[in-house]
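Have a look at the structure below before the remarks.
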Amino acid sequence: MARIIVITSGKGGVGKTTTAAALAMGLAQRGSRTAVIDFDVGLRNLDLIMGCERRVVYDFVNVINHEANLNQALIRDKRCDNLYVLPASQTRDKDALTKEGVGRVLDELSQGFDFIVCDSPAGIEHGATMAMYYADDAVVVTNPEVSSVRDSDRMLGILASKSRRAEANEEPIREFLLLTRYDAARVDNGEMLSVKDVQDILSLNLLGVIPESKAVLNASNAGVPVILDRESDAGLAYGDAVGRYLGEDLPHRFVNAEKKGFFSRLFGG
Amino acid sequence: MAVNSRSSGGEASPAFELKAAGFTLPIIRLLDGNMEAVAEQLGVKVEQAPDFFRNTPVVIDLTVYPDGAGDVEFPMLVGLLRGYGMIPFGVRGGTKAQNVAAEGMELAILGDAFIRSAKPAGGTANQPVGGGADSGAGGQDPGHGSTINGTLVTRPVRSGQRVYAAGGDLSVIASVSSGAEVMADGNIHCYGPLRGRALAGARGNTEARIFCSDLQAELVSVAGHYRVSENIPADLRGVPVQVYLDQKILRIEKI
């Protein structure tokens, strides 16, 4: 049976799809058979971030509607044999996601995979609730600013009350916090919430802190999950997050601002 | 049965005051869909005390209405009640379909969230007509357990969640996030940071109090007398306080 992980936030533009792509790639690289599903029907993006947009034939909605089978719709990643992408449909809307249909697809995927990563759309409406309904684990992606924190808090409330696990009175969804676009220098200047501020409000298991980085946009543009960029701090931070998810005890890097050395200060580096 | 109307905004207008108030109202608990039987039995009741029912607002309670009894004939029922001088103005405990039908008759839908949790207790009461004072503990999420006379919440109350402890106290041993709402008919105790709204004495109990170890609330209210965050002095924020009513004035005091 696969573990179903939803990447969610409530607020848009905080890095859900980037995170879904990175975590899925990270898990697959560590040898787990992983599928990543785009739940953002009508605004599909995951295929672009994963760099497989030109290979999409069938999509998630086709599978739900029995117009294609899973094997036809799943796209194998060219860089990692363990990773498959199930893209969203761009021409439908989110009503195409039915509880039964999503459940059936996840069930079928569970047979052949270790992890299923669900990339949730923004908002708390139908698409987002469908993405989280069957989840075992939730990664709540949050930016260090008040509106994002509040939306995440709202999403956590929904996770605790409207998921399958909540309805069936099973063990609740495991919730993790992933703080993205973190700028330690701005935190030091008091312009941004710190990890501690966010943790005070959300009090969650901290999966990782992803620093604000140019590498993220570059990776998105190139269709390469940023975790593959071993040169970048964001890529390394995602690597750590994957390790922590799998139970490794790793210190949080990139939480403190880099002290500028004498020479770099002198030469404006 | 109580109806709570609560003001949420802090906008004061000189023309009126928004206040919450609790009312005790008779409820008509429907046990059967047979309107003729209802009419007959109601007639007997009304005859015993005609003055009691004259111009009395009543609520139609559908919590124990049997599933197999068919649709509630609202037009007939409302006509019947009006005929006896009563003023039927709302329903509670109905199914979706019943609520739609009731809305069609311009009846208000009352306190659905509360009714659902009180439903199991409602089955034992068998008085077709009577003043309803249900007690029960309400909480929609796991992690909320009810004790004898109160509700205990052990997990954080997140933004957008509401917890209502009907008929008793509410204890929260986690945080209440901003945008969350905790309500109790009795006292509210909060042992984590209280950042959301807290409304004690929700049915008008002026003796109710709010106790919290870290006050950062958006709004605190006792029996409808409220204060928004803006009007809470800075030296009372982030410290343990109690909130209570003193001669209709809401006091916040360090403890």
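The values are calculated or read from the model by the stated rules, or taken from the named source; none is laboratory data. Everything quoted here is computed from the prediction, not taken from an experiment. Because the Cβ atoms are built from the backbone with ideal geometry, glycine has one as well, and the counts that use them run over all protein chains shown. For accessibility, only protein heavy atoms count, side chains too; no ligands or nucleic acids. Shrake-Rupley method; radii C 1.70, N 1.55, O 1.52, S 1.80 Å.
Assorted remarks:
- Per residue of peptide B:150-163, the mean number of Cβ atoms on other chains within 10 Å of the residue Cβ is 4.
- Positive-pole candidate from B:Ala217, A:Ser194, B:Val59, dipole of the protein assembly as shown, charges at beta carbon: A:Ser194
- Counting DSSP beta bridges with both ends in the protein assembly as shown, the antiparallel % (nearest 5): 25 percent
- The residue list A:Thr18, A:Val102, A:Gly112 was ranked by how far each Cα lies along the charge dipole of segment A:15-123 toward its positive end, using unit charges on Cβ atoms, and A:Thr18 comes out on top.
- Top of A:Ile37, A:Ile173, A:Ile210 by mean-square fluctuation, Gaussian network on chain A, Cα under 10 Å: A:Ile173
- Available extension along the chain between B:Gln216 and B:Glu106 is 35.6 nm, counting 0.36 nm per residue and deducting the alpha carbon span.
- Stretch gain in nm, segment A:Arg30-A:Asn256, where the contour uses 0.36 nm per residue and the Cα spacing is subtracted: 78.6 nm
- Rounded to the nearest 500, the helix-only mean residue ellipticity at 222 nm of chain A stands at -11500 deg cm²/dmol, with each DSSP H run of n ≥ 4 adding -39,500 (n - 2.57).
- Simple point charges give the picture: +1 on the Cβ of Lys and Arg, -1 on the Cβ of Asp and Glu, and for chain A a dipole about the Cα centre of about 480 debye.
- In this assembly, the A-B interface accounts for approximately 1100 Å² of buried accessible surface in total, computed with a 1.4 Å probe and without ligands, DNA or RNA.
- Counting, for every residue in A:145-152, the Cβ atoms of other protein chains within 10 Å of its Cβ and taking the mean gives 2.
- For peptide A:163-170, the mean count of partner chain Cβ atoms within 10 Å of a residue's Cβ comes to 1.
- Whole-number accessible area per residue in Å² for chain A, which is evaluated in the context of all protein chains at 1.4 Å: 45 Å²
- Charging the Cβ of each Asp and Glu at -1 and of each Lys and Arg at +1, and nothing else, the dipole of segment A:108-166 about its Cα centre rounds to 280 debye.
- Modelled FRET efficiency - R0 25 Å, A:Asn71 with A:Glu125, Cβ distances, 0.05 increments: 0.25
- Rounded to 5, the percent of DSSP beta bridges in chain A classed as antiparallel: 5 percent
- Per-selection Rg to Rh, segment B:7-105 - Cα, Kirkwood hydrodynamic radius: 1.08
- Pairs with C-alpha atoms separated by more than 29 Å, drawn from the list A:Lys99/A:Lys196; A:Lys78/A:Lys214; A:Lys196/B:Lys19, are A:Lys99/A:Lys196; A:Lys196/B:Lys19.
- Spin-label model, A:Glu248 to B:Lys45: label points 7 Å out along the Cα-to-beta-carbon direction sit 7.0 nm apart.
- Modelled FRET efficiency - R0 35 Å, A:Asn169 with B:Glu253, Cβ distances, 0.05 increments: 0.30
- For B:Met183, distant residues with modelled amide H under 5 Å away: B:Val163, B:Tyr164, B:Ala165, B:Leu199
- Residue with peak Gaussian network fluctuation, chain A [Cα springs, cutoff 10 Å], from A:Asp151, A:Asp197, A:Asp119: A:Asp197
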